[in-house]
Structures are given as structure tokens and as C-alpha cells.
Amino acid sequence: MNTEAITFTIDGKKIEARRGDTILEAADRAGVYIPRLCWMKELLPAGVCRVCTVRVNGRPQAACTQPAAAGMVVENDTEELRQLRRDLIDMLFVEGNHFCMFCERSGNCELQALAYRFGITAPKYPFLFPRRSVDASHPDVLADGNRCIRCGRCVRASRALDGKSVFGFTGRGPQKRLAFNGPNLAATDVAAPDHAIAACPTGTLIVKRVGYKVPIGRRLYDHSPIGSEIEPPAPEK
Amino acid sequence: MAKPKVATTSLCGCFGCHMSLLDIDDRILKLVELVDFDRSPINDIKKIEGQVDIGLIEGGCCNEENLAVLHEFRKHCKILISVGDCATNGGIPAMRNMVPLGECYEEAFLNGPTVVNPTGRIPDDPEIPLLLDKVYPCHEAVKIDYHLPGCPPSADTLWAALVALLEGREPELPYELLKYD
């Protein structure tokens, strides 16, 4: 790969990148956080959640799939884009059944953490309360469709990292559902240590008998917002 | 000058949010200096008596009585706040929303494994408020000015929001006080 250095700007800040970097990768290295949900470092980007939408030379693009190019002008932390991301997160909350109060992933959930980061106290859209299925057939892994946001991280991780292809999708649009390569989860060769389980950003794929192990106050997003692992610490006020 | 008035109620909730309000510990002495309480389970006043500055709603709307109380609060409260996950998103009671109401009744009064009901009748006394088809968050029934999620919202969250409003500020919560669990 050509590793020639290029520069572009995000919100006026000069960013150095290597040719072949996506906007998101270059931004991460420069300490600029672009919110994302379906992206994971070890996986090929999918560009499906659109939370990382930025404006590139005025045009909306998914930062996780769009390659960085010399001289491009990227807008990231603008009121318009913050609003768009808030709306996407709102919609993900109302079109599933996200009962954070008893979810094992609460405090470590990326969807919830994004809502915290954006200061969402209640979604502005009406709740749909869809009927979704739970698969508890497997001895060690639970799949709760109520919490699935169809980011496809488990699908990609199972294929690319576990070499198993346990997960996939069926249906389209609002009917799109997580599916397994078997009549139920127990009939697949999924196992609790699989990358696919750890890849789930919400509480859809859960390892059994370890829920609530980390006490409140010591979970990933209890004290600092998602993205603060990328951003340099804010100057003291 | 008269003190600002606060009213509170629990609709389809578990009173956990009211417990959390009591959990402000000795700040409760400061609270009674700052405000007067109108209708609230804390003083057992059953009807709102006058105009209220801040109304706190715990719980969502699962039946017609919840709706009537919520409308009463909206009518009399300058600022109405949804307190807790049930008020902001339906909470645990909303788990019935994925099941048709008829099936809920049948499970509870006819087919459930622990049901003893020789008459086979589903309770229908006019004294019992009719259930709504679903459990609704409060903002899907009336205008809600602010939401304080949490199950329950912590005492610090409730205190920070109340103090901000009483001082005429927007109740913007610091990161650690906005939680959904």
C-alpha cells in the first residue's frame, strides 16, 4: 500500500493521514472522536449505522468507509451533525426494546453510552415496542433480539475473527432480524469466548452467568463518556 | 414571599423514585425550607390544591386513572418532570407492550400457572381502572418539560435538577448523573 502522507482538515483542525486511511482511522490517530456504533477496530467497516456521518466537502459521508483524501474539508462536531446523530440514536432506542434498568450490558453498552454522551434524557420519537424473539437455547450464550440494532458486528466478527459464520441477517427493512446458521443458537458452533459475542455493542449477545459482575461505578461508561479514550483530556475549566 | 410549590405522584411505578427522593438524606431539611409540598404521597394530600411550580411524575401510564392524574398535574403544574425510566420510557411495566392486552388478562387471571379462579371471570368491577392497550411514557400523553431517567434516578440527580430549577436555571445534568439504570 502506498503510505504517502496526506493532510486534510476536520472542523478546521489539520489532520495527518496515510493514503488508504479512512477518515475515522485518521481522526482516531489525531485524537478527534467521531461517534460510531457499527465500526470495530478489528473488522472491515460496514457503514450501516450512519452514526459516524460527517460532511466531506459539504457532502454527507460515513467516516468509517470514506477514504481520507488530500485537502478534503471534513465537518464533524457541528450542531447539524450532532442533531443527526442524536436522531439516529433516538430511533435505535424506540424501534427496539431497550430496558436498560435490568440489562446485563448496562454501563458497558455502546448504544447507551452514546445516548449519555449526547445528553439524551428521553427519545423524541414514540416507542414502537416491537415483538422480538429471545433465544436462550445455548448453554452459555443468550441472544436477545429485543436489544439488537442490526449493526452486524457479530456477523462480521464471527466470519472474520472466529472463522465460523454463526450469525447473519434475514428479512429487509423493519423486518430485518438477526439469524443463526442453525434452527436455534444451541444448534450452532458458537461458544462464549467467541469474538462475535464480545463484538456486540448492546446486550443482544450475552454470556450467561456473568451478568452484573462489575458493580455500578466501575463499569466502562460510568464516569467518562464513550470517545474519551480517543480524545485528549479536556483542559481544566 | 411564598415558597415554590412542589407536587409529586406515582402513576404506574414502584415508588422507587420517591424512595430515591427521600435518599437525599439531610438535604431533605433544606428541601422543606426551599419548597412547600402540594399533592404528594409524602404528605398524603390526594388532590392538587392550587397552582404548583414543579410537578414530579413517577411511573408511566398503564390505565385510565394514571391518565386522569397526569392530566390533572399538567393542568396545575408550571413545570412538569418525568422522573425515572417508567415515566420516560414505560419501564418494566412496558414489558407487557409486546403482548396483546387480551393475552395479558388471560395469563394473569385464567391461564397463569398459579391462578386460582373458579368463576373463570376476569375482574371487571367499575372501581378498577381500565387498563390502556399499552403502557405509555408520560410524554406520549401530555407535554413534559424535563426528563430525569434512571431506575431510579439517584438522589444526587434529583437534587441537582430540583435545585437548578428552583434557582431558575436549566437542569443540565453532569455526565455522571445521567444514567438509565
Fill in: Filter result (over 20 Å from B:Ile92 (Cα atoms) and touching a helix residue (DSSP H, G or I) at 6+ places or on another chain (Cβ under 8 Å)) within the stretch A:99-116
A:Leu114, A:Tyr116
Item to complete: Would you point out the residue of the stretch B:166-181, among those that are more than 8 Å from chain A (Cβ to nearest Cβ) and in a loop (DSSP other than H, G, I, E, B), that is surrounded by the most Cβ atoms within 10 Å (Cβ to Cβ)?
Response: B:Pro171
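Per-residue answers, yes or no, for (1) buried (at least 19 other Cβ atoms within 10 Å of the Cβ); (2) under 23 Å from A:Leu128 (Cβ atoms); (3) of a type in the set (S, T, N, Q):
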{"residue": "B:Cys62", "(1), (2), (3)": "yes, yes, no"}
{"residue": "B:Glu72", "(1), (2), (3)": "no, no, no"}
{"residue": "B:Lys75", "(1), (2), (3)": "no, no, no"}
{"residue": "B:Ser82", "(1), (2), (3)": "yes, yes, yes"}
{"residue": "B:Thr88", "(1), (2), (3)": "yes, yes, yes"}
{"residue": "B:Gly102", "(1), (2), (3)": "no, yes, no"}
Worksheet entry | Residues of the stretch A:79-120 satisfying the condition of being of a type in the set (S, T, N, Q) and either outside any loop (DSSP other than H, G, I, E, B) or not assigned by TED's automatic domain parsing to the domain that holds A:Cys148 (or both) | A:Gln83, A:Gln112
Discussion item. Just checking, does the stretch B:136-146 include any residue being assigned to a strand (DSSP E or B), modelled with pLDDT of 95 or more and touching a Cys at 6+ places or on another chain (Cβ under 8 Å)?
Written reply: yes
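Look through the stretch B:106-135, keep the residues that are in a loop (DSSP other than H, G, I, E, B) and in contact (Cβ under 8 Å) with a residue 24 or more places away in the chain, and return whichever of them is nearest to B:Leu11 (Cα to Cα). Don't jump to the end; show me each part of the working.
Start the filter on the stretch B:106-135 by keeping residues that are in a loop (DSSP other than H, G, I, E, B), which leaves B:112-130.
Applying the additional criterion that residues be in contact (Cβ under 8 Å) with a residue 24 or more places away in the chain yields B:129-130.
Working: B:Pro129: 12, B:Leu130: 14 Å.
Among residues in the stretch B:106-135 that are in a loop (DSSP other than H, G, I, E, B) and in contact (Cβ under 8 Å) with a residue 24 or more places away in the chain, the one nearest to B:Leu11 (Cα to Cα) is B:Pro129.
Looking at the stretch A:138-147, is at least one residue assigned to a loop (DSSP other than H, G, I, E, B), within 14 Å of chain B (Cβ to nearest Cβ) and either within 14 Å of the chain's Cα centre (by Cα) or under 25 Å from B:Pro100 (Cα atoms) (or both)? Steps first, answer last, please.
Residues of the stretch A:138-147 assigned to a loop (DSSP other than H, G, I, E, B): A:138-140.
Going one step further and asking which of them are within 14 Å of chain B (Cβ to nearest Cβ), we end up with none.
No, the conditions are met nowhere in the stretch A:138-147.
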Worksheet item: Under the condition of being aromatic (Phe, Trp, Tyr) and closer than 17 Å to B:Gly150 by Cα, which residue from the stretch A:114-148 is surrounded by the fewest Cβ atoms within 10 Å (Cβ to Cβ)?
Response: A:Phe118
Worksheet, complete the sentence: Checking B:Leu130, B:Leu110 in turn, the sole residue that is more than 9 Å from chain A (Cβ to nearest Cβ) and in contact with a Gly (Cβ under 9 Å, 6 or more places away or on another chain) turns out to be B:Leu110
Discussion item. Residues to consider are A:Ser158, A:Ser228, A:Ser165, A:Ser224; find the one that is within 18 Å of A:Ser137 (Cβ to Cβ), surrounded by 12 or more Cβ atoms within 10 Å (Cβ to Cβ) and either assigned by TED's automatic domain parsing to the domain that holds A:Arg117 or not charged (D, E, K, R) (or both).
Written reply: A:Ser158
Worksheet, complete the sentence: Filter the stretch B:23-53 for residues that are under 15 Å from the mean Cα position of the chain (by Cα) and under 26 Å from B:Cys151 (Cβ atoms); the one that is modelled with the lowest pLDDT is B:Ile42
Item to complete: Name every residue in the stretch A:210-237 that is touching a residue at least 60 places away in the same chain (Cβ under 8 Å), away from chain B (no Cβ under 12 Å) and of a type in the set (D, E, K, R), in order of residue number.
Response: A:Glu231
Item to complete: Quick one: in the stretch A:86-106, of everything that is farther than 24 Å from B:Lys143 by Cα and crowded, with 22+ Cβ neighbours inside 10 Å, which residue is nearest to the other protein chains (Cβ to nearest Cβ)?
Response: A:Ser106
Discussion item. Quick check on the stretch A:148-187: of everything there that is assigned to a helix (DSSP H, G or I) and out of contact with any helix residue (DSSP H, G or I) (no Cβ under 9 Å at 6 or more places or on another chain), which residue is nearest to A:Cys103 (Cα to Cα)?
Written reply: A:Leu185
Item to complete: Test B:Leu101 against the stated conditions and say whether it is farther than 24 Å from B:Lys179 by Cα and more than 16 Å from the chain's Cα centre (by Cα).
Response: yes
Worksheet item: Within the group B:Cys86, B:Cys62, which residue is part of a strand (DSSP E or B) and in contact (Cβ under 8 Å) with a residue 24 or more places away in the chain?
Response: B:Cys62
Practice prompt. Determine which member of the set A:Ala46, A:Ala17 is away from chain B (no Cβ under 14 Å) and touching a strand residue (DSSP E or B) at 6+ places or on another chain (Cβ under 6 Å).
Written response: A:Ala17
Worksheet item: With respect to A:Cys109, is the statement that it is at the interface with another protein chain (Cβ under 7 Å from one of its Cβ atoms) and either modelled with pLDDT of 95 or more or under 15 Å from the mean Cα position of the chain (by Cα) (or both) true?
Response: no
Discussion item. Residue under question is A:Val190, and the condition is that it be touching a His at 6+ places or on another chain (Cβ under 9 Å) and either under 26 Å from A:Cys100 (Cβ atoms) or in the same structural domain as A:Asn108 (by TED's automatic domain parsing) (or both); does it hold?
Written reply: yes
Worksheet item: What about B:Ile92, is it within 13 Å of chain A (Cβ to nearest Cβ) and either at pLDDT below 95 or touching a Gly at 6+ places or on another chain (Cβ under 8 Å) (or both)?
Response: no
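The values are calculated or read from the model by the stated rules, or taken from the named source; none is laboratory data. Because the structure is a prediction, the values reported are computed rather than measured. No Cβ is skipped: glycine too gets one built from the backbone with ideal geometry, and neighbour counts run over all protein chains shown.
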